[in-house]
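S.K.: So that we are looking at the same thing, I have put the structure below in structure tokens.
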Amino acid sequence: MNLQALAIALENRGYLASCYTCGSQLNSASFMVSLAEDHLIRFLVSDYGITWTEMRDDRELMKLEGAEAINQLQDLADLLKYRVNSNQLSDPSINSKQPFQLTVNSKQ
């Protein structure tokens, strides 16, 4: 998955998103997106592992590591492939999806 492409796609949909890579070989990355006021997701890839952290009101709601973290990030990308408005990404009860064209490089 291309984190930079995901951040750009989220920004194009009106979300605050960023992606940074570190190191001379680009082996570390930090991806963050604000889904709503005080609702933040951070995906971190480093020498220590891969983590997905979801926070609301500065409190950690969920922290996943490894394959679970990657799966959660893929779920976010999959949601973005369909037309959703700002409130829908943070609403887990969405059932209706409308096609939305988005190019995200998938490399797993």
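S.K.: Taking 0.36 nm per intervening residue step and subtracting the Cα-Cα distance, what contour gain separates residue 34 from residue 72 on full extension? Walk me through the numbers before you get to the answer.
M.R.: Numbers: separation 38, 0.36 × 38 = 13.68 nm, distance 1.54 nm.
Between residue 34 and residue 72, full extension yields 12.1 nm more.
S.K.: Restricting the calculation to Cα positions, tell me the Rg (one decimal) and the Dmax (whole number) of segment 3-80 in Å.
M.R.: Gyration radius and largest Cα-Cα distance of segment 3-80: 12.1, 35 Å.
S.K.: Looking at segment 1-60, which GluC sites (Glu not before Pro) are DSSP coil and have at most 14 other C-beta atoms within 10 Å of their C-beta?
M.R.: 37
S.K.: Using θ = phi - 60° and the Karplus form 6.51 cos²θ - 1.76 cosθ + 1.60, what ³J(HN,Hα) does each residue of segment 35-48 get, whole Hz, x for Gly and Pro?
M.R.: The phi angles translate into 7, 7, 4, 6, 10, 10, 10, 10, 10, 10, 10, 8, 4, 8 Hz.
S.K.: In nm, give the distance between the simple-model label positions of residue 21 and residue 47, each being 7 Å from the Cα along the Cα-to-Cβ direction.
M.R.: Between residue 21 and residue 47, the label points sit 1.9 nm apart.
We did not get these values from a lab; they are worked out from the coordinates using the rules stated. Computed from a prediction, not measured in an experiment: that's the story for all the values here. Here Cβ is always computed from backbone atoms with ideal geometry, including for glycine, and neighbour counts include all displayed protein chains.
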